[in-house]
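The values are calculated or read from the model by the stated rules, or taken from the named source; none is laboratory data. Owing to the predicted nature of the structure, the values given are computational and were not obtained by experimental measurement. For neighbour counting, all protein chains shown are included, and Cβ atoms are generated from backbone atoms with ideal geometry for every residue, glycine included.
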Amino acid sequence: MQTAAQYREFAALNMNTRRLKKEMDGLFPGGWGTEELAEHICFKKTGMHLNDIPSAEVPSQEVQTAPKVSLPMPETTPEVNPPIQDVRHDVEARYQEYLRYFQPEAPNDSLDLRLLCENELTLQRLNERRLRMLETNARATDLKAIVEAITKLSADCGQIQKRLGIDRPTRGTGQDAGDKLVGYINKAKAVLQRQAVPLFCTNCYRSDAKTLNLYGFMVWHLQDEEVEWGLEFQCPRCHTKMVYSKENLADLKAIVGWHSNQS
C-alpha cells in the first residue's frame with residue numbers, strides 16, 4: 001500500500017478483523033471508524049500520518065509495466081502484522097538506553113523492561129496524534145477517547161516501573177542502602193521518643209553519682225490529647241516510688257533528652 005486511498009480501502013475491508021478491532025478498541029474506547037483505522041495502519045506501517053502520504057499513486061515506469069495486483073482480502077495480508085523495522089529499532093534503542101541505568105535481575109525483568117519501552121513509544125505517538133487532533137478541531141468524543149487511552153497507558157507504565165523498582169519514589173534521592181537505613185533508624189527513633197514514656201528513677205539521677213537508670217519505656221499514643229493518666233513504679237536500685245502523669249511527663253522526657261514535639 002502506497003497511497004491514502006489504498007489505506008482507506010484496506011481499512012474498510014478489515015473493519016471486522018478481530019486483531020485490529022482489539023487494537024483500535026484499546027486506542028479509541030469511545031468509538032472509531034474507517035478513517036481512524038486507516039490512520040492507525042498507515043502510521044504503524046510507515047511512521048507517517050495518513051494526510052502526509054500521497055492521496056493517489058504516482059505513475060512510474062515500474063508501475064506502468066507491472067501487472068495489476070488486487071488488494072488483499074481481510075485476514076490474508078501479512079503487511080500490518082509484523083512491526084516495522086523502524087519501530088523495532090526504536091524499542092531496542094530505548095531498551096539499550098535503560099540498560100545504562102538499570103540491569104534486569106531476572107528474565108521477567110527483561111520482559112517488563114521491553115514492554116515499558118514499547119508502551120513509552122506508543123505514548124509518544126498517541127500524544128503526537130492528540131496534538132494533531134487539537135490542531136484539526138477533531139470531534140470531542142475522539143479527543144476524549146485518545147486522552148483516556150493515554151491515561152490508561154501511562155498508568156500501565158507506572159505499574160511496570162514499580163515492579164522493576166525504577167519509579168521515582170522507589171529510587172528516592174539516590175542515597176545508598178546504608179544511608180537510607182540510617183535515615184529509617186533516625187525516623188523510627190524520633191517517632192518512638194515522641195510516643196513513648198521513658199521509665200527511669202529521678203532520685204538516682206539527682207544523686208551525686210547522677211546515675212541514669214533507664215529501665216525501659218511505655219508507649220502512650222494520646223500524650224497530646226486531653227486524657228488524664230498515671231503510672232507508678234518502684235526503682236529496683238533505690239526503691240524510690242516513681243509517679244508519672246500528664247503534668248510531669250514533659251520534664252521527665254527532657255531529662256533523658258526526649259522531646260514530645262520531635263517529628
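For the reader, a short list of remarks on this structure follows.
- Lone unmet requirement of (1) among the acidic types (Asp, Glu); (2) more than 23 Å from residue 131 (Cα to Cα); (3) modelled with pLDDT of 75 or more for residue 79: (3)
- Scanning the range 172-190 for residues that are at pLDDT below 80 and surrounded by 13 or more Cβ atoms within 10 Å (Cβ to Cβ) yields a single hit, 183.
- Filter pass, residue 113 being of a type outside the set (D, E, K, R) and modelled with pLDDT of 90 or more: yes
- Unmet criterion (only one of (1) under 30 Å from residue 234 (Cα atoms); (2) of a type in the set (A, V, I, L, M, F, W, C); (3) out of contact with any Phe, Trp or Tyr (no Cβ under 8 Å at 6 or more places or on another chain)) for residue 138: (1)
- If you filter the range 113-146 down to residues that are closer than 19 Å to residue 29 by Cβ, of a type in the set (A, V, I, L, M, F, W, C) and touching a residue at least 40 places away in the same chain (Cβ under 8 Å), you find that the one that is surrounded by the fewest Cβ atoms within 10 Å (Cβ to Cβ) is 126.
- Checked against the criteria, residue 141 counts as of a type in the set (Val, Ile, Thr), in the same structural domain as residue 41 (by TED's automatic domain parsing) and over 19 Å from the mean Cα position of the chain (by Cα).
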